[in-house]
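Read through the structure below, which is laid out as structure tokens, and then see the notes.
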Amino acid sequence: MPPPERLIGLVGKTNVGKSTFFAAATMATVEIGNRPFVTLEPSVGVGYVRKRCVHVELGLPRCDPASGFCLEGWRFIPVKLADIPGLIPGAHEGKGLGNQFLDAIRRADAVILVVDAAGATDAAGNPVPPGSYDPIEEVRWLERELEEWMYSIVQKDWDRFAMKVSTTGENPVDALAQRLSGLSVTRRHVEAALKYAGLEGRQLTSWSREDLRRFVAGLRRSKPMLIAANKADLPEAEDNIKRMRRELEYPVVPTSAAAELALRKAARAGLIRYIPGDSDFEILDESRLTSQQRRALEYIRENVLRRWGSTGVQEAINRTVFELLDMIVVYPVEDANKFTDGRGRVLPDAYLVPRGTTARQLAYMIHTDLGRTFLYAVNAKTKQRVGEDYVLQDGDVIKIVAAAAKRG
């Protein structure tokens, strides 16, 4: 049984390359166009994080992934990506596809906001001369839409809610977490928002509307976000990317989704050797390339890979999972000496788990009965026994030992 899947939402206005990013990351067939609402419903696909496979560290010749794949020592571990439509001003009022958009955002664990770093699309997503629109506005839009949406939910019947919490003596943090659970907000998120707003320890009945606004501004940060600064190959993008990195609180990754899609298609066709996330590619057979294909590949090499180090698509997914969601990779096995499962497959499973996960929690992820009957675990790298409270480390290979099930 795999651990609970994390869902990354891809958002962005029309014509910024969001669907191209999704197609490149998942190699799914999606309609890509330059008109509003080409995407009417969220498309969910499988992308991958890239991580050096532990079989290399262990000196093993190979591994046998049960999901994902391993290329030249790089393990690609599946994550769910959703191409979410409907980001326009007024989404929180239901404009455009606002209701579907916000509901999809609610279900996402983290957000990658794809923006046109070259400023070549206006507020409505129409093509304009590069450099004539400010991509930072797209970030401010999403912030405003999320805050207005959350505020409309928080402030509804606020006075009655605050009085009830006060008179019953209920813990305000627990009460707020319960009230906001439909937004995928946890107790930890509420505590962080209270701290951000300077409202820790304050009675809810004493909050002003300005206090509510500050609390919601803190609450918005419960949805971690990364900026994919797309169209980074255009000359106008460079200054905008520098400015976004200075002015925004989010990680900013220069991206060319079109370049990544072209490279993956060329690799699939056997024209080039390219591993997603690499800083270069190798042409396998010059004679099979048309002059147009050769020029396109050279453009990608000069204006994307040498300029930015990669196309940014793989980096954006990796940083979202490993930095924003703070996940690590662990490898459950049944044989701690051979690093295999019960069928003899070498390191078949690579689990993405939150940093701080314990050995017993991993056992529950594998199977409820393993967690319930957990005795101890074995660190397969060191062959040492570890207890239920052992905190897993990135790259651990773990065997769970449980009590035999009782027979009736």
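Assorted remarks:
- All positions within the range 131-186 that are modelled with pLDDT of 90 or more, of a type in the set (S, T, N, Q) and over 16 Å from LEU212 (Cβ atoms): SER132, THR167, THR168, ASN171, GLN178
- So ASP233, is it assigned to a helix (DSSP H, G or I) and of a type in the set (D, E, K, R): no
- Counting only strands (runs of 3 or more DSSP E) that sit completely within the range 23-128, those holding 2 or more residues that are modelled with pLDDT under 90 and surrounded by fewer than 23 Cβ atoms within 10 Å (Cβ to Cβ) correspond to 43-52.
- The requirement of being in a helix (DSSP H, G or I), modelled with pLDDT under 95 and under 26 Å from the mean Cα position of the chain (by Cα) is satisfied by LEU219.
- Total residues in the range 191-204, condition more than 21 Å from the chain's Cα centre (by Cα) and surrounded by 15 or more Cβ atoms within 10 Å (Cβ to Cβ): 7
- Breaking point among (1) without any contact (Cβ under 8 Å) to a residue 24 or more places away in the chain; (2) acidic (Asp, Glu); (3) under 25 Å from LEU10 (Cβ atoms); (4) touching a strand residue (DSSP E or B) at 6+ places or on another chain (Cβ under 8 Å), for GLU282: (3)
- Among the candidates ARG295, ARG360, ARG319, the residue that is loosely packed, with under 14 Cβ neighbours inside 10 Å, assigned to a helix (DSSP H, G or I) and not hydroxyl-bearing (Ser, Thr, Tyr) is uniquely ARG295.
- If the condition is being assigned to a loop (DSSP other than H, G, I, E, B) and among the charged types (D, E, K, R), then the range 129-171 contributes ASP134, LYS156, ASP157, GLU170.
- Among all residues of the range 262-273, there is at least one that is assigned by TED's automatic domain parsing to the domain that holds ALA296, within 17 Å of VAL49 (Cα to Cα) and not β-branched (Val, Ile, Thr).
- Any chance LEU199 is of a type in the set (A, V, I, L, M) and either over 15 Å from LEU212 (Cβ atoms) or in contact with a Leu (Cβ under 8 Å, 6 or more places away or on another chain) (or both): no
The values are calculated or read from the model by the stated rules, or taken from the named source; none is laboratory data. What you see is a predicted model; the values in this text were computed from it and never measured. No Cβ is skipped: glycine too gets one built from the backbone with ideal geometry, and neighbour counts run over all protein chains shown.
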